[in-house]
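Just below is one structure, and these are the notes that go with it.
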Amino acid sequence: MAETSRSAVYFVVFCVTAFPSFEDARGKAPDLIAAHIARSKELHTEGTLLMAGAFVENPDEPLTTMGVLTSREAAEDYIKGDPFVQNGLVKQWTIRKWANMFGSVV
């Protein structure tokens with residue numbers, strides 16, 4: 001396996017949306033999803049958003065998403081610029097500092 005450089009710490013954004021499911025979000029807000037995906041791809045290309053996605057198959061809770069970013073500043077910019085947040089469709093969000101057990105010790 002090739003060795004890659006990994007950070008010891010990342011910042012994870014969790015978002016609880018106003019939608020009961022991904023299918024509901026896709027049906028009611030396709031333009032916002034397209035804008036969200038385009039922005040996420042841009043941030044991923046820049047190297048600040050490492051991975052992101054939605055938790056699926058959780059019928060007893062609202063659609064929840066997460067993103068893993070390289071810094072607290074990047075995480076704050078990510079959430080503040082998100083089309084769903086800007087349109088009031090995220091009920092709650094948090095940023096948590098996460099220790100990567102495979103990362104180098106700083």
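The values are calculated or read from the model by the stated rules, or taken from the named source; none is laboratory data. These figures come from a predicted structure and were not determined experimentally. Cβ placement follows ideal geometry from the backbone for every residue including glycine, while neighbour counts extend to all protein chains displayed.
Scanning region 10-37 for residues that are closer than 14 Å to residue 67 by Cα and exposed (fewer than 15 other Cβ atoms within 10 Å of the Cβ) yields a single hit, 37.
For every residue, the table says whether it meets (1) of a type in the set (A, V, I, L, M); (2) touching a strand residue (DSSP E or B) at 6+ places or on another chain (Cβ under 6 Å).
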| site | (1), (2) |
| --- | --- |
| 34 | yes, no |
| 40 | no, yes |
| 46 | no, no |
| 56 | yes, no |
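Scoring residue 65 on the criteria (1) among the hydroxyl-bearing types (Ser, Thr, Tyr); (2) surrounded by fewer than 15 Cβ atoms within 10 Å (Cβ to Cβ); (3) touching a residue at least 12 places away in the same chain (Cβ under 8 Å) leaves a single failure, condition (2). Residue 81 meets all of the listed conditions (1) crowded, with 16+ Cβ neighbours inside 10 Å; (2) in contact with a Lys or Arg (Cβ under 9 Å, 6 or more places away or on another chain) but one, namely (1).
Of all the strands (runs of 3 or more DSSP E) wholly in region 1-78, which have at least 1 residues that are β-branched (Val, Ile, Thr), modelled with pLDDT of 95 or more and touching a Cys at 6+ places or on another chain (Cβ under 7 Å)?
Passing ranges, in order: 64-69.
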